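> Below you'll find the structure I mean.
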Amino acid sequence: MLNDSLHGRDSSNLKRLDIMINISYEKYKKFLPVVIATVFTLIFVGSVVRTTGSGMGCPDWPKCFGKLIPPTSIDQLPTDYKTLYKVAGREIADFSAFKTWVEYTNRLFGVWTGIASLILVFLGLKIRKTHSLINKLSITSLLLVIFNGWLGSKVVSTHLMPGIITIHMILAMLLLFCLLKVKHIVANFEIAKVDNIQKYKRISILLLVMLFIQIVLGTQVREQIDHITNHNHDLPRANWVENLDIIFYIHRSFSIALVLGLFYFLRNIVKEVKGHAFLKALSSKLVLVMFGEIAAGAILVYFKFPAPMQSLHLIFSILMIAYLFEITLILFKSKSREVAL
C-alpha cells in the first residue's frame, strides 16, 4: 500500500512537471516571433540611421550629448559642443535634432532587443532539460545581441571606422540565423518530399554562402560611401559611383551570378517539391523580394542613390537571406521522394 501511494505521488508530480514544461514551452513559442520581429525592426532602423547619415547623431555612448534624453535644440548644448564632444580627435558636425533622434531611436530599439532576448533566455531556461538545443540557441542569441550592442558603441567611438560596420552586419545575420533555426525547431514543420534532394541541399548551401558574401560586399560599399561623404560633404550623389573602388563593381557583377543561381534553384524547387505548401510559399516570397532587390539596386545606381532606396536595398537583402536560410533548413529535414515512397 505504501509503495502504491508513493508511486501515485511520483506520477502526480511528473504530470505536474510535464504540464509546467508544456506551459513554458507554449510561452516560449508565443514570444519567439516577437523577438524575431524586433531584430528585423532593429535592422531596418539601423539602415535608416545609415542612409540619413545619422550614425554620429549621438557622439557619445550610452548617453547622447551627455544626457539620458537627447536635446531637441542647439540651445540646449554648450557653445563649444563640437569640440567638447569630438570623436577620435575630430570635431563633430553641426547639431541636427533629426539625426540625433534617429540615432537615439536606434539605440532604444537596441535596448528593447536586448530585453526581449533576455526574456527569451529566461523562458528557454525553464525548458532546458527537454529542449536543450533551444536553450543553447537562445543563450547564443543573447550573447550576439550583447556583443553587437558593444560593437555599436565602437562604431560611434571610432567615428564609423571601416570594418566595424561590416562585422556589425555579419553578427546581425548570425543572430537571425539562430532565431530562425529555433523557429523551425518549435514550429516542427512537416517533412518535404523533393526529388534529387542531395543536389538541392548542396545548391542551397552554395547560394546561401554567395548571398552572405554579397551582403558583406554591399556593406563595404556602404562604408566606402560613408568615407567619401565624410571627407567631401559637398560631393553630389550623382558622383558617388565614380569614386567607389573595385568592390562596388565586384558587388554589382556578383549579383548577376547570384540572381541566375537563385532563379534556377527556386524554379526547380517549386516544380519538384511534393506537398509542402510552406516551402513553396517561402520560394514565392524569395522571388518577389529578389525582384524588389534588383529594382532597388538599379534605382540606386541610375537615380543618384535616393536615401529610401538604400534602406529598402538592405531590407530586401536581409529578407532574401532569411527566406533562403529557412528553405535550406527545410531541405535538410526533407527526404528524397524515392525514399519516402
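The values are calculated or read from the model by the stated rules, or taken from the named source; none is laboratory data. These numbers come from a predicted model, not from an experiment. Don't worry about glycine lacking a Cβ; one is built from the backbone with ideal geometry, like all the others, and counts go over all protein chains shown.
> Has the range 267-274 got at least one residue that is within 27 Å of F44 (Cβ to Cβ) and surrounded by 15 or more Cβ atoms within 10 Å (Cβ to Cβ)?
Taking the range 267-274 as the starting set, the residues that turn out to be within 27 Å of F44 (Cβ to Cβ) are none.
Looking for residues that are within 27 Å of F44 (Cβ to Cβ) and surrounded by 15 or more Cβ atoms within 10 Å (Cβ to Cβ), one finds none in the range 267-274, hence no.
> Does the range 229-261 hold any residues that are touching a residue at least 60 places away in the same chain (Cβ under 8 Å) and surrounded by 15 or more Cβ atoms within 10 Å (Cβ to Cβ), and which are they?
T229, N230, W240, V241, listed by residue number.
> So A116 passes all but one of these: (1) farther than 17 Å from V155 by Cα; (2) of a type in the set (A, V, I, L, M, F, W, C); (3) over 19 Å from the mean Cα position of the chain (by Cα). Which condition number does it fail?
(3)
> What number of residues in the range 75-108 are surrounded by 16 or more Cβ atoms within 10 Å (Cβ to Cβ) and either touching a Ser or Thr at 6+ places or on another chain (Cβ under 6 Å) or not assigned by TED's automatic domain parsing to the domain that holds C58 (or both)?
So the count comes out to 3.
> For the range 277-299, does any single residue satisfy the condition of being assigned by TED's automatic domain parsing to the domain that holds L206, under 22 Å from H168 (Cα atoms), surrounded by 20 or more Cβ atoms within 10 Å (Cβ to Cβ) and at pLDDT 90 or above?
Yes.
> Quickly run through the range 32-57 and pick out the residues that are within 15 Å of the chain's Cα centre (by Cα) and among the polar types (S, T, N, Q).
Once the filter is applied, which keeps residues that are within 15 Å of the chain's Cα centre (by Cα) and among the polar types (S, T, N, Q), the range 32-57 yields T38, T41, S47.
> To continue, here is another question. Quick check: is even one residue across the range 109-122 touching an Asp or Glu at 6+ places or on another chain (Cβ under 9 Å) and over 30 Å from T79 (Cα atoms)?
So far as the range 109-122 goes, no, none of its residues is touching an Asp or Glu at 6+ places or on another chain (Cβ under 9 Å) and over 30 Å from T79 (Cα atoms).
> For the range 236-250: of the residues being at pLDDT 85 or above and of a type in the set (V, I, T), which is farthest from the chain's Cα centre (by Cα)?
The selected residue is I246.
> Restricting the first residue to the range 110-139 and requiring it to be more than 23 Å from H168 (Cβ to Cβ) and touching a residue at least 12 places away in the same chain (Cβ under 8 Å), which pairs with a second residue that is crowded, with 17+ Cβ neighbours inside 10 Å and among the aliphatic types (A, V, I, L, M) meet a Cβ separation below 6 Å and a spacing of at least six or different chains?
What qualifies is G124/I134; I134/V182.
> Please identify the pairs in which a residue from the range 78-104 that is farther than 12 Å from G53 by Cβ and without any contact (Cβ under 8 Å) to a residue 60 or more places away in the chain has its Cβ atom under 7 Å from the Cβ atom of a residue that is of a type in the set (A, V, I, L, M) and surrounded by 14 or more Cβ atoms within 10 Å (Cβ to Cβ), counting only partners at least 6 apart or on another chain.
Listed by first residue and then by second, the contacts come to P78/L84; K82/I92; Y85/I92; K86/I92; I92/M56; F95/L77.
> Now for a different question. Only residues in the range 265-292 that are more than 13 Å from I197 (Cα to Cα) count as the first member; pair them with residues that are part of a strand (DSSP E or B), Cβ under 7 angstrom, at least 6 apart or cross-chain, and list the lot.
The qualifying pairs are G275/K193; L279/V273; K280/V273.
> Of everything in the range 116-162, what is at pLDDT below 90 and hydrophobic (A, V, I, L, M, F, W, C)? Give them in sequence order.
If the condition is that a residue be at pLDDT below 90 and hydrophobic (A, V, I, L, M, F, W, C), then I127, W150, L151, V155, V156, L160, M161 are the ones that fit.
> So which of I215, I203, I170, I165 ends up being in a helix (DSSP H, G or I), within 21 Å of T38 (Cα to Cα) and assigned by TED's automatic domain parsing to the domain that holds L331?
Of I215, I203, I170, I165, the one residue that is in a helix (DSSP H, G or I), within 21 Å of T38 (Cα to Cα) and assigned by TED's automatic domain parsing to the domain that holds L331 is I215.
> Out of S253, S317, which single residue is within 19 Å of the chain's Cα centre (by Cα), small (G, A, S) and assigned to a helix (DSSP H, G or I)?
S317
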